[in-house]
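Input: a single structure, listed below in structure tokens.
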Amino acid sequence: MYCERCGIVFDENRCPVCGNQNVRPPKPGDLCFLTEQKAVWAGMLEDVLKQNDIPYLTKNVLGAGLALKIGPMLERVRFYIPYLHLQNAKAIADELFSAPQEGEENEDQVD
């Protein structure tokens, strides 16, 4: 099901975020929430989505004025993907932002 208010896809008959009961099956062009990331990571996700020809829309959480005032490093960016491409985009985001699995090396780890 799809909630037009929240832009999320879910399995229940009520939106788990806002409680909206006026939900419907998603259409291919519906913009669906993918993820919210810090501005630093948002640029990387944008590049990978472009490389994979996945259309997207971004929305800054704080807005340009507030981000300039408190610092762009605190800005967060929400990504919305057409439902038709959501599954591929989820796989990409999961791969980019998942924690390293046990046994995998972590380059940021300090010994």
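The values are calculated or read from the model by the stated rules, or taken from the named source; none is laboratory data. All figures in this text were calculated on a predicted structure; none of them were measured in a lab. Cβ coordinates were reconstructed from backbone atoms using ideal geometry, including for glycine residues, and neighbour counts include every protein chain displayed.
Filtering the range 26-56 to residues that are closer than 16 Å to Arg78 by Cα, part of a loop (DSSP other than H, G, I, E, B) and not hydrophobic (A, V, I, L, M, F, W, C) leaves Asp30, Pro55, Tyr56. How many residues are assigned to a loop (DSSP other than H, G, I, E, B), at negative phi and surrounded by fewer than 18 Cβ atoms within 10 Å (Cβ to Cβ) when one looks only at the range 2-25? Result for the range 2-25: 15. Condition check for Ala42 on (1) surrounded by 11 or more Cβ atoms within 10 Å (Cβ to Cβ); (2) modelled with pLDDT of 95 or more: one failure, at (2). Can you tell me which residue in the range 26-39 is surrounded by the most Cβ atoms within 10 Å (Cβ to Cβ), limited to those that are touching a residue at least 40 places away in the same chain (Cβ under 8 Å) and of a type in the set (A, V, I, L, M)? Here the residue is Leu34.
Based on this model, can you work out whether Glu104 counts as assigned to a loop (DSSP other than H, G, I, E, B), of a type in the set (Asp, Glu) and modelled with pLDDT under 95? Break it down stepwise before answering.
Values: assigned to a loop (DSSP other than H, G, I, E, B): yes; of a type in the set (Asp, Glu): yes; modelled with pLDDT under 95: yes.
Yes; evaluated as a whole, the condition is true for this residue.
Taking first residues from the range 83-94 that are in a helix (DSSP H, G or I) and partners that are among the hydroxyl-bearing types (Ser, Thr, Tyr), the Cβ contacts under 8 Å between residues at least 6 apart in sequence or on separate chains come to Tyr83/Tyr2; Ala89/Tyr56; Ala93/Thr35. So, in the range 18-41, exactly how many residues are in contact with a strand residue (DSSP E or B) (Cβ under 6 Å, 6 or more places away or on another chain), more than 18 Å from Gln87 (Cα to Cα) and among the β-branched types (Val, Ile, Thr)? Summing the residues that are in contact with a strand residue (DSSP E or B) (Cβ under 6 Å, 6 or more places away or on another chain), more than 18 Å from Gln87 (Cα to Cα) and among the β-branched types (Val, Ile, Thr) in the range 18-41 gives 1. When the range 77-88 is filtered for residues that are among the aliphatic types (A, V, I, L, M), within 14 Å of Pro28 (Cα to Cα) and under 11 Å from the mean Cα position of the chain (by Cα), the ones remaining, listed by number, are Ile81, Leu86.
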